[in-house]
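The values are calculated or read from the model by the stated rules, or taken from the named source; none is laboratory data. Predicted, not measured: the structure shown is a model, and the values here were computed from it. Cβ placement follows ideal geometry from the backbone for every residue including glycine, while neighbour counts extend to all protein chains displayed. Remember, those area values only see protein heavy atoms, side chains included, never the ligands or the DNA or RNA. Shrake-Rupley method; radii C 1.70, N 1.55, O 1.52, S 1.80 Å.
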Amino acid sequence: MGKTRKAKAQKELNLDRVIKNFEGFAFSVSLSLKVAKSPAAVASKRSVLTVSARKIKDNAADWHNLMMKWETLNNNGFTTANKIVNLKISAQFKENKLDIECDKIASDCGKQSADYNEKLEIFCEELLGTFENMAKIHLKMEKLYSTTKGICDLETYHYENGDCRAPLFHTWPTMYFYEVSFKLSEMYKEELQLKQTIVQEIAHTADQDLMMVYLSSWLYQPYIENSSKLLLESMLLETGHRQV
């Protein structure tokens, strides 16, 4: 009889322990849920989104400024390249006449040749300087899309639990800002490579048709698609830089 009472008492004690352990577990779960959804946590997420939106808006303005600077440099480079082509064509046109006159006046021929070389060198250095400034602009473009990718990664981290992601502005998801930035950067990257070829070759070719191709390619920028302007304007509209 005594053993039965002891066994019963032991079962009641174990049951009390189970109940207490369960209550402790339930309390800790409830506490963790309250912390996860606390005002501080929500405010922190909102703060991150506010900073991200501000940075993306700044990036959109930077894209506009860089693309405008690129166009200015492109026009300046075309003017310089045109001077190089005109100088070379003029030299070719006078070549036969100079050959005849140089037989009579050797000193004047040497002077004209030196003048041609000096002008050509000046124009080539000017075109190279323009190209180098365009290369610096493209580096800044690459930083813009890299920064946008970082913002996307940060957003993914904060929404890793599958929470609904609201757009930072109107309709664009954050990843779309990265995709547009990357596409624009790739266009300018390929165009920069073409311009590098033109800078290296335009002063060394004697083929007038090829020189015209170089000039046309520099001016019309075949690797920068017409959609680039639409993408830029869409991004400015989405971020509030343009009014509907």
Here are the criteria: (1) within 23 Å of the chain's Cα centre (by Cα); (2) within 30 Å of Asn86 (Cβ to Cβ). Tell me which single one Ile151 does not satisfy.
(2)
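To keep it simple, each residue is scored yes or no on (1) under 21 Å from Asn65 (Cβ atoms); (2) in a helix (DSSP H, G or I); (3) open to solvent by 80 Å² or more (accessible area, probe 1.4 Å).
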{"site": "Ser146", "(1), (2), (3)": "yes, yes, no"}
{"site": "Ile151", "(1), (2), (3)": "yes, yes, no"}
{"site": "Leu154", "(1), (2), (3)": "no, yes, no"}
{"site": "Tyr157", "(1), (2), (3)": "no, yes, yes"}
{"site": "Arg165", "(1), (2), (3)": "no, no, yes"}
{"site": "His170", "(1), (2), (3)": "no, no, yes"}
{"site": "Tyr178", "(1), (2), (3)": "yes, yes, no"}
{"site": "Leu184", "(1), (2), (3)": "yes, yes, no"}
{"site": "Glu191", "(1), (2), (3)": "yes, yes, no"}
Selection status of Ala166, farther than 30 Å from Val85 by Cβ and out of contact with any Pro (no Cβ under 8 Å at 6 or more places or on another chain):
yes
Do we have Glu132 as over 12 Å from the mean Cα position of the chain (by Cα), at pLDDT 95 or above and open to solvent by 40 Å² or more (accessible area, probe 1.4 Å) here?
yes
For segment 195-223, name all the residues that are open to solvent by 70 Å² or more (accessible area, probe 1.4 Å) and assigned to a loop (DSSP other than H, G, I, E, B).
His204, Ala206, Asp207, Pro222, Tyr223
Any residue that is of a type outside the set (D, E, K, R), modelled with pLDDT of 95 or more and within 28 Å of Ile56 (Cβ to Cβ) - is there at least one of those in segment 203-216?
no
